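The values are calculated or read from the model by the stated rules, or taken from the named source; none is laboratory data. Predicted model, so just to flag it, every value in this text is computed and none were measured. Note that we place each Cβ from the backbone using ideal geometry, even for glycine, and neighbour counts take in every protein chain shown.
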Amino acid sequence: MTDRDRRILGLLGEHKVLTTQQIATAEFASLRRAQDRLAQLRRLGVLFSFRESYRDGGTSQTRFALGYLGARAIAAQRAEKPPTRPAHQRMLERLAWWPQLDHQLGVNGFFCDLAGYARNDAGEATSSGSDVDACGLRQWWSEQRCTGFFWNSTVKLRPDGYGCWAERGRWVRFFLEYDTGTETLSKVTRKIADYGTFPTDSFGILLFSVHSARRELALRQALQRAVGTAPPPLAIATTPRDQAHLDSPAGPVWALWNPGTGDTVQRRYRLAELPQRGPYIEPHAPWLGQPYSEAAFDPMDRELVGLAEIRPPATAPADPPIHDTRGGGLDAEVMLYDDGLHDEY
């Protein structure tokens, strides 16, 4: 097992599922090299893979999760009791049939794109001998970890992810809401009230990644109706994924929102140009079992705990319930069917 193998296991232990392309983007120089190594790890039982077949033909990219030996390795790293083989098999079945699987892959793809951009930028800086600070995804927390940390007695934030992006000396921490259009805009904008009752500005800004420019326009109009003329209690930025930039989501794709601008996009900013929030934390070498944790907040930090009235969880929060509504078992390669649902816009 190489350090890269351990990082891949750590990512899957934290974020549950990644596609071949996402792992290649974050960790490999080419897709072919990623495919070869992932196939080896799968044959060894360290990784598990499955695909989805579509109604009109064709299949999805291969999705990877921890195989049974990989799950035992992660448990050993964390000094936890390993799962039994039947329990791990049931978890894989629930994961493969999970209705929110595409959404989870979208969130993970967002962060893998940042990790890949940073890796390429670091390579260019090394080859050119530049002393300029390279880009870096310093922090990437899953929804599960966010739920256990960003919590107080009156509100429980559940962002889709929390991250810290560093570029050229700037560190931008952010909460990510990854919108696919399946929720109504009123439900999306109600999240602003939760962020408003939490000291969000002390921890980061709020990013909305939406699937289309039309959805972004509708969201900005809905934010105007929900917030009114009062300045929001936090910095908000939006971006549409159908107008992606070559450097996206690190590139100039983000539009700041406030009541003064409303639905008008006056300028697109790079992620690193957005407002910086949160205390500076000295970088440290990440643990291989949890990559992208250089800038993680310490849940035992008294100042931060007192600020947000955070209750450090004794154990990691449980995953949201996943219901198998279609039945059937799962083999080493599983073929699922597209449910034919479409987004609102």
**Asked** Of the residues Arg55, Arg51, which single one is touching a residue at least 60 places away in the same chain (Cβ under 8 Å) and in a loop (DSSP other than H, G, I, E, B)?
**Response** Arg55
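Taking region 190-206 only, how many residues are of a type in the set (Ser, Thr, Tyr) and under 23 Å from Leu101 (Cα atoms)? Steps first, answer last, please.
Let us first name the residues in region 190-206 that are of a type in the set (Ser, Thr, Tyr), namely 195, 197, 200, 202.
Keeping just the survivors that are under 23 Å from Leu101 (Cα atoms) gives none.
The number of residues fulfilling the criteria is 0.
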**Asked** Is it true that Glu93 is at pLDDT below 90, on the phi < 0 side of the Ramachandran plot and part of a helix (DSSP H, G or I)?
**Response** no
**Asked** Do you know which of the residues in region 199-240 that are among the polar types (S, T, N, Q) and buried (at least 20 other Cβ atoms within 10 Å of the Cβ) is farthest from Pro252 (Cα to Cα)?
**Response** Thr200
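Just to verify a result, which residue in region 158-197, among those that are in a loop (DSSP other than H, G, I, E, B) and hydroxyl-bearing (Ser, Thr, Tyr), is surrounded by the most Cβ atoms within 10 Å (Cβ to Cβ)?
Taking region 158-197 first, the residues in a loop (DSSP other than H, G, I, E, B) are 158-160, 168-169, 179-184, 197.
Next, from what is left, pick out any that are hydroxyl-bearing (Ser, Thr, Tyr): 180, 182, 184, 197.
On the way: Thr180: 18, Thr182: 15, Thr184: 11, Thr197: 13.
Checking each candidate, the answer is Thr180.
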**Request:** Collect the residues in region 138-162 that are under 13 Å from His15 (Cα atoms), of a type outside the set (S, T, N, Q) and in contact with a helix residue (DSSP H, G or I) (Cβ under 8 Å, 6 or more places away or on another chain), keeping them in residue-number order.
**Result:** Trp140, Trp141, Glu143, Arg145, Asp160, Gly161, Tyr162
**Asked** For Arg94, which of the numbered conditions (1) more than 20 Å from Thr2 (Cβ to Cβ); (2) touching a Phe, Trp or Tyr at 6+ places or on another chain (Cβ under 6 Å) fails to hold?
**Response** (2)
**Item:** Residue check, Thr84 free of Cβ contacts under 8 Å to residues at least 60 places away in the same chain and within 30 Å of Phe208 (Cβ to Cβ)
**Value:** no
**Message:** Quick check on my filter: what residues within region 16-32 are in contact with an Asp or Glu (Cβ under 9 Å, 6 or more places away or on another chain) and part of a helix (DSSP H, G or I)?
**Reply:** Gln22, Thr25, Ala26
**Asked** Do we find that Leu47 is surrounded by fewer than 16 Cβ atoms within 10 Å (Cβ to Cβ) and touching a helix residue (DSSP H, G or I) at 6+ places or on another chain (Cβ under 8 Å) in this structure?
**Response** no
**Fill in**
Heads up, the strands (runs of 3 or more DSSP E) in region 203-314 (entirely inside) with at least 3 residues that are at pLDDT 95 or above and either of a type in the set (Ser, Thr, Tyr) or within 22 Å of Gly169 (Cα to Cα) (or both) are 205-210, 236-240
